[in-house]
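The values are calculated or read from the model by the stated rules, or taken from the named source; none is laboratory data. Since we're looking at a predicted model, the values are computed, not measured. Here the Cβ positions follow ideal geometry from the backbone for every residue, glycine too, while neighbour counts run over all protein chains shown.
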Amino acid sequence: MLWNWVAKPLLFLLPAERAHYASMAAFSNLLRVPGVPGIYRKWHEVNDPRLRCKVCEMDFSNPVGLAAGFDKNARWHDELGCLGFSHVEIGTITGEAQPGNEQPRLFRLPIDQALLNRMGFNNSGAEYVSHQLAGQIRPAHAIRILGVNIGKTKVVAAKDATSDYLKSFRLLFPHADYFTVNVSSPNTPGLRKLQDREQLLRLIPAITDLNAELATEQGTQKRPVFLKIAPDVTESQLDDFQYIVEETALNGIIATNTTVSRKDLNTPPATVETIGAGGVSGSPLTLRSRTLVAQLYERVGERVPIIGVGGIMTGHDAWQMILAGASLIQIYTGFIYGGPGTVKRINRYLLNQLKKYNLPNISAAVGSGSQLLVDKGPIQRS
């Protein structure tokens, strides 16, 4: 109630990027008050063994994580752990620091419950983030599982992209529970070309080789490596992703990033045109991302897990994504519009669905509706 009637209207008076930093600064300061982190965690967590899931030997307390893009420089991941997330994915982090695109570069489309961004991988670079993580004292409310999303530095030539990814991977390896290889942002020129089969056959094996090397050197486990893909892919690209899963040591797929499509937006076309280029997230992606997850599940679901992202605004959306084939889900825009209670509401909804269908745990629902979605359209099992 406080979010919908007070905090959200006030924050939405500010430009989107400024509101992001202002709200997180206030939240971070609030959590410095003794006892407050514990109160927040107790209020927002939904502790139930039926929500727990294991993916790539990682134990998640529930299936809901925060997608990359929210905490680009690993400033707030532990604070965000107080809001019920089972994992937070930081980044996207590039080999070299870069300012990103010119501001303004983040816009709300409230009629569509959407965001449009052209951030351009603004971040402080892999070396800075590595030092930041190394110097942090983990509090009791620290996030349990930390993902690290890495991308290509804008000024690095395509032929040198692999080296740029490897630099970030090496520097951040000690701090990551898993890595996401981002080849799908629409806001770095040429990046989506790295989704092609030939490019991935160079990039993924190079990363997995370094993964094994660093694990041996540091006497630890290899980090699971996921590939984040765009929603705007062709059938032949789906064939390529299936081939990459079958021929490399890739551990999973995250689907999807933002879309460059402007189809079916309710925001007036003139407004969208005035805003200009960028990727759209939120409700316009709900069905597109869910359908792609179902298609991937039918192709590779028995080999690797899929993390579903895109247009998850409610518990219903989360449940539908899990039925489509997602072992885990991540939210971003749904969190912006739904506020701090979003994760709690989603997890409670999921528990109600498990009870309704007499399922023992959330993993039992994964993929149970994928074929229906692929063959007949949107899943409506709820």
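Miscellaneous remarks
- Looking only at the range 366-381, and only at residues there that are in a helix (DSSP H, G or I) and out of contact with any Lys or Arg (no Cβ under 9 Å at 6 or more places or on another chain), the one that is modelled with the lowest pLDDT: K376
- Number of the condition not met by F241 [criteria: (1) in a loop (DSSP other than H, G, I, E, B); (2) buried (at least 22 other Cβ atoms within 10 Å of the Cβ); (3) not basic (K, R)]: (1)
- Listed by position, the helices (runs of 4 or more DSSP H) enclosed by the range 1-63 that each have at least 3 residues that are of a type in the set (A, V, I, L, M, F, W, C) and within 17 Å of G339 (Cα to Cα) are 16-30.
- In a residue-by-residue description of the range 91-105, the property of being touching a Phe, Trp or Tyr at 6+ places or on another chain (Cβ under 8 Å), surrounded by fewer than 22 Cβ atoms within 10 Å (Cβ to Cβ) and not in a loop (DSSP other than H, G, I, E, B) applies to at least one position.
- When the test is whether a residue is of a type in the set (V, I, T) and not in a strand (DSSP E or B), I253 does not pass it.
- Conditions (1) outside any helix (DSSP H, G or I); (2) farther than 20 Å from N187 by Cα; (3) free of Cβ contacts under 8 Å to residues at least 40 places away in the same chain; (4) within 17 Å of the chain's Cα centre (by Cα); number of the one not met by D317: (1)
- Residues in the range 131-168 that are in a loop (DSSP other than H, G, I, E, B) and touching a Leu at 6+ places or on another chain (Cβ under 7 Å) were compared, and the one that is farthest from P34 (Cα to Cα) is K152.
- Boolean, D232 is part of a loop (DSSP other than H, G, I, E, B) and out of contact with any helix residue (DSSP H, G or I) (no Cβ under 6 Å at 6 or more places or on another chain): yes
- Scanning the range 172-210 for residues that are more than 18 Å from the chain's Cα centre (by Cα) and either under 18 Å from I306 (Cβ atoms) or not in a helix (DSSP H, G or I) (or both) returns P189, G190, D196, L200, I204.
- Filter result (out of contact with any Leu (no Cβ under 8 Å at 6 or more places or on another chain) and buried (at least 23 other Cβ atoms within 10 Å of the Cβ)) within the range 65-82: A67, A68, G69, G81
- Selection of first residues in the range 42-58 that are surrounded by fewer than 16 Cβ atoms within 10 Å (Cβ to Cβ) and of second residues that are assigned to a helix (DSSP H, G or I), restricted to Cβ pairs under 9 Å at least 6 apart or on distinct chains, gives the following pairs, ordered by first then second residue: W43/C82; W43/K344; K54/S363.
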